[in-house]
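One structure below.
Read the figures in this text as sums done on the coordinates, not as results from a lab. None of the values given here were measured: they were computed from a predicted structure. Cβ placement follows ideal geometry from the backbone for every residue including glycine, while neighbour counts extend to all protein chains displayed.
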Amino acid sequence: MESESRPAVAVSACLLGENVRYDGSHKLDAWITGSLSSYVSLISFCPEIRMGLGSPRPTLHLTAENPVRMLETATGRDVSSLAHQASAQIFAELRNARCVAVILKSRSPSCGIEVSTRANASERPGSSPGIFAETLLHASGMLLVEETALQTETARHDFVEAVFALERFRCMETGTAALQAFHRKNEYLLMARDSTLCARLGKVAANSARLPGVEVMQQYRKELLSLFEKNLRNQAA
Ligand code: SF4
């Protein structure tokens, strides 16, 4: 068992005030760099800088195809494979840093969780996760939230509580007994957010199918993340 530490939260670099956007600017979020930074360790990332595109850089967009591609808007240059490589590298770094949550810049073709796609004549415009967000959505095991969901006192409070609950979960022993103790300790916090999902978590923790400890903990973690994400999504601006 690991001892509990300051939770690590990864954040799109532009929200931390770094001048990494396509136009050389930033999108500083004062709550993240102020209050939140006094509770957690912030880890900065920028997929488009990692792609080697620099700042300022040409604007990018996602296509409405399947699979979605990332193109430079002015020239049509396809930068999808660069984007996937950069995303895989950053994802591995965030895992090594034991991040429990990621705050993503909304509407970015890299970081946004739901981004508009552009259609050609034979397609319909739609939406897709940005390339980096998609990598995280498929595999991360981290709490994913856009900054737009953290604009109220309630949402910020809920996010910090979720981050600390996830850090406690990360540090606890493996096994059904430890999981059940975790669930008992956090039951009121979870119930206050979603009583149905909390009851489902209780059933997973009960492990009536007698699954191996690692497996039941993976299932529980997945459900725990969806409870927190649903709660925060419902509060998005
Ligand atoms: S790629 Fe992400 S971190 Fe970089 S500027 Fe765009 S939104 Fe911000």
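Determine, from the Cβ-Cβ distance of Arg124 and Ala88 and an R0 of 35 Å, the FRET efficiency 1/(1 + (r/R0)^6), rounded to the nearest 0.05. Each step should come with its number before you reach the end.
Details: r = 29 Å, r/R0 = 0.84.
The value I calculate is 0.75.
Which whole-number percent gives the relative contact order of the range 45-181, counting Cα pairs below 8 Å spaced six or more residues apart? Show your work: numbers first, answer last.
On the way: 191 pairs, mean separation 28.4, N = 137.
Once divided by the residue count of the range 45-181, the mean separation gives 21 percent.
Using 7 Å Cα-to-Cβ label points, what is the Asp78/Leu211 separation (nm, one decimal)?
3.8 nm
Using 5 Å bins from zero, what percent of all Cα-Cα pairs in the range 140-179 falls into each bin?
The distribution over the range 140-179 is 6, 19, 24, 20, 14, 9, 7, 2, given as percents.
Using +1 at the Cβ of each Lys and Arg and -1 at the Cβ of each Asp and Glu in the chain, identify which of Ser128, Thr196, Val160 lies farthest towards the dipole's positive end.
Positive-most Cα among the choices belongs to Thr196.
Are any of the pairs Lys105/Lys185; Lys105/Lys203; Lys105/Lys230 more than 23 Å apart by Cα-Cα distance, and if so, which? Each step should come with its number before you reach the end.
Numbers: Lys105/Lys185 33 Å; Lys105/Lys203 35 Å; Lys105/Lys230 18 Å.
Long pairs (Cα-Cα over 23 Å): Lys105/Lys185; Lys105/Lys203.
Once you keep just the Cα pairs under 8 angstrom separated by 6 or more residues, what percentage relative contact order results for the range 172-233? The partial results should precede the final answer.
Numbers: 45 pairs, mean separation 25.8, N = 62.
Reported relative contact order: 42 percent.
Within the range 217-237, which residues have the backbone N less than 15 Å from the label spot 7 Å out from Leu137 along Cα→beta-carbon, could you tell me?
Answer for the range 217-237: 226, 229-230, 233.
Roughly how big is the range 172-233's charge dipole about its Cα centre, with Cβ charges of +1 (Lys, Arg) and -1 (Asp, Glu), in debye to the nearest 20? Show your work: numbers first, answer last.
Values: 10 positive and 6 negative charges, 25 e Å.
Computed about the Cα centre, the dipole is about 120 debye.
Based on the mean of other beta carbon atoms within 10 Å per residue, what is the order of 204-216, 170-182, most packed first?
Details: 204-216: 13.8, 170-182: 15.8.
Top of the packing list down: 170-182, 204-216.
Taking every DSSP beta bridge that has both residues in the chain, what percent is antiparallel when rounded to the nearest 5? Don't skip to the end; give the middle numbers.
Working: 6 of 21 bridges.
In the chain, approximately 30 percent of DSSP beta bridges are antiparallel ones.
For Leu144, list long-range residues whose amide hydrogen, built 1.01 Å from N in the peptide plane, is under 5 Å from its own amide hydrogen.
Amide H neighbours of Leu144: Val102.
For the range 67-97 and the range 102-166, what is the centre-to-centre distance using only Cα atoms, to the nearest Å?
15 Å
Taking the alpha-carbon set of the range 172-233, what are its Rg and Dmax in Å?
Final numbers for Rg and Dmax: 11.0, 33 Å.
Return the long-range amide H neighbours of Ser127 (sequence gap of 5 or more, or a different chain), with a cut-off of under 5 Å between placed amide H atoms.
Answer set, sorted by chain and number: Thr117.
Hey, with R₀ at 25 Å, roughly what FRET efficiency would Asn96 and Ala30 work out to, going by the Cβ-Cβ distance, to 0.05?
Numbers: r = 29 Å, r/R0 = 1.15.
Computed FRET efficiency for Asn96 and Ala30: 0.30.
What dipole magnitude, in Debye to the nearest 20, does the range 22-96 give about its Cα centre under +1 on Lys/Arg Cβ and -1 on Asp/Glu Cβ?
Numbers: 6 positive and 7 negative charges, 21 e Å.
Charge dipole of the range 22-96: 100 debye, to the nearest 20.
If you line up the long axis of helix 153-171 against the longest principal axis of the chain, both from Cα atoms, how many degrees apart are they, to the nearest 10?
Taking Cα atoms only, the helix is inclined about 70 degrees.
Can you tell me the 0 to 90 degree angle between the C-alpha axis of helix 80-96 and the longest principal axis of the chain, rounded to 10?
Tilt relative to the chain: about 30 degrees.
Pairs of Cα atoms under 8 Å, at least six residues apart: use those to get the relative contact order of the range 122-237, whole percent.
Details: 86 pairs, mean separation 45.4, N = 116.
Computed over the range 122-237, the figure is 39 percent.
How much space per residue, in cubic angstrom, does the convex hull of the C-alpha atoms of the range 8-149 take up? Display every interim value, and only then the final one.
Details: hull volume 13.8 nm³, N = 142.
Convex hull volume per residue, Cα atoms: 97 Å³.
Give me log10 I(q)/I(0) at q = 0.12 Å⁻¹ for the chain, Debye formula, one equal scatterer per alpha-carbon, no solvent.
-0.71
Assign unit charges at the C-beta atoms only (+1 for Lys and Arg, -1 for Asp and Glu), then state the dipole size of the range 8-149 relative to its Cα centre in Debye, rounded to the nearest 20.
Numbers: 12 positive and 13 negative charges, 19 e Å.
Rounded to the nearest 20 debye, it is 100 debye.
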